[in-house]
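Every number in this text was worked out from the coordinates using simple rules, so none of it is lab data. Remember, it's a predicted structure, so these values are computed and weren't measured experimentally. When we count neighbours, we look across all protein chains shown, and the Cβ atoms used for this are built from the backbone with ideal geometry, even at glycine.
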Amino acid sequence: MHIIIFSSSTNRSGGTRQAAYQAKALTELGHNVVFLIPETSQMWNETGETYWKKLPTDPKKWRNVIESYFPDNEPAIVHAFHNKAVKLASWWGLFWRKKKVICVSHRGVIFRPNNPLPYLSPGLAMVIPNSLACVKKLNWHCPKNKIHFVQNGIPLERLTPSKSIEEIKTEFAIKPSEFLFCSIGNNTPVKGGDILLEAFAKAKLANTKLILIGFSREKYLPIAQKLEIEDKCIFVGHQENVSNYLQVSDAFIFPSRGMDSSPNTLLEAICMGLPIVACSVGGVPEIIDGNGLITPIEDTSALAKALITLRNDPELCAKFAQRSKELRERFDIKTRAKSLEKIYQNLISRLK
């Protein structure tokens, strides 16, 4: 199949990463894939793959660029990621149908769109949300026969560390007997860095440390100092290879106060075989399947209690870890790619 995936996002969002993961997995299945992102994207230099192509800075020029990759006299799929791309695809798709080009869209946020017209447009043949929570938000204005849920996925090669456990523990002076919690986020309030630190402080766990990936030392160290837990916090900054730190961790914390649909960081932790403690946001409860504990949003006392439970119950921790390992195939990007392949093939078959 000829598949064109394009995103209007210029940052390192989870959606852009999913689009990139999807493009690679579909390429590995033998399809002719083009992955288009703006030339100003922060992700542009992250790969040397030849199927990555640039979209001009001016969105008015995007349509001509995308059409230049249409095959001659053969059907093609255009899969749009992010709001602007979806709006454009829903309009362009009305004209592209005559060229046997079918447009579909990704949906990965848990709120009703302010403008439902793109999802009602005949120009979009299918809307593909990445969580059932997202499906519920779409049901009110998008025809149900256009909605097809497909879970996000993680390339399993991202689970391969570039450093050994010994290197990481030596670098940060981690003792063999210490229990390590880990969390991945950034400085935006929605990621819950403050919730994370407050809950960890309330737990008052002996011989336990917290690895913070992506949460900047400049912003969160003063909070840790105020809570008197700075000696228990390990700030490692932004890390592309998070598996280096997940491999040394005993459990993963997802403290978000946002409406995450299917967060990549949580899936990576699960695929690394970690027990999970997560706040009940968006599509997170449907991801936790016998492999962790779920707490109410922004409830630092409940989160602290969950941390204490995992820290003090090795058997429960081991049970959750084993279940996370069993879920790896569900969250493998290859599983997502094969589901998308079937959707695309079904849509193309309707053209005949």
- So the compactness index of segment 276-328, its C-alpha Rg divided by 2.2 N^0.38 Å, takes the value 1.11
- Message: Can you give me the distance in nm between label points at Asn11 and Asp58, each placed 7 Å from the Cα along the Cα-to-Cβ direction?
- Response: 2.7 nm
- Convex hull volume of segment 156-326 per residue (C-alpha atoms, cubic angstrom): 102 Å³
- Item | Inter-centroid distance (Cα atoms) of segment 92-125 relative to segment 178-222, Å | 39 Å
- Message: Out of all Cα-Cα pairs in segment 161-217, roughly what percent, to the nearest whole number, are more than 20 Å apart?
- Response: 33 percent
- Send over the Kirkwood Rh of segment 15-60, from the inverse of the averaged 1/r over different Cα pairs, rounded to one decimal Å. 11.1 Å
- Taking +1 at the Cβ of each Lys and Arg and -1 at the Cβ of each Asp and Glu, which of Ala25, Thr300, Ala318 sits farthest along the dipole of the chain towards its positive end, judged by Cα position relative to the Cα centre? Ala25
- Message: Which log10 I(q)/I(0) values does the chain give at q = 0.10 Å⁻¹ under the Debye formula, counting every alpha carbon as one identical point scatterer?
- Response: -0.63
- 20 Å cut-off, amide nitrogen to a point 7 angstrom out along Arg257 Cα→Cβ, residues in segment 206-246: 212-229
- Task: Please list 194-201, 33-40 highest first by mean number of surrounding beta-carbon atoms within 10 Å per residue.
- Result: 194-201, 33-40
- Using a Förster distance of 35 angstrom, determine the FRET efficiency expected from the C-beta separation of Phe111 and Glu171, and round it to 0.05. 0.30
- Query: Sorted by packing (mean other beta-carbon atoms within 10 Å per residue), highest first, where do 164-174, 224-234, 260-270 land?
  - Reply: 260-270, 224-234, 164-174
- Message: So the label point goes 7 Å from the Cα of Glu28 along Cα→C-beta, right? Which residues of segment 300-343 then have their backbone N under 17 Å from it?
- Response: 328-342
- Query: Which length gain, in nm to one decimal place, applies between Asp313 and Lys338 when the Cα-Cα distance is subtracted from 0.36 nm times their residue separation?
  - Reply: 5.2 nm
- Query: Of the peptides 343-349, 250-256, how do they stack up when ordered by the mean number of other Cβ atoms within 10 Å, highest first?
  - Reply: 250-256, 343-349
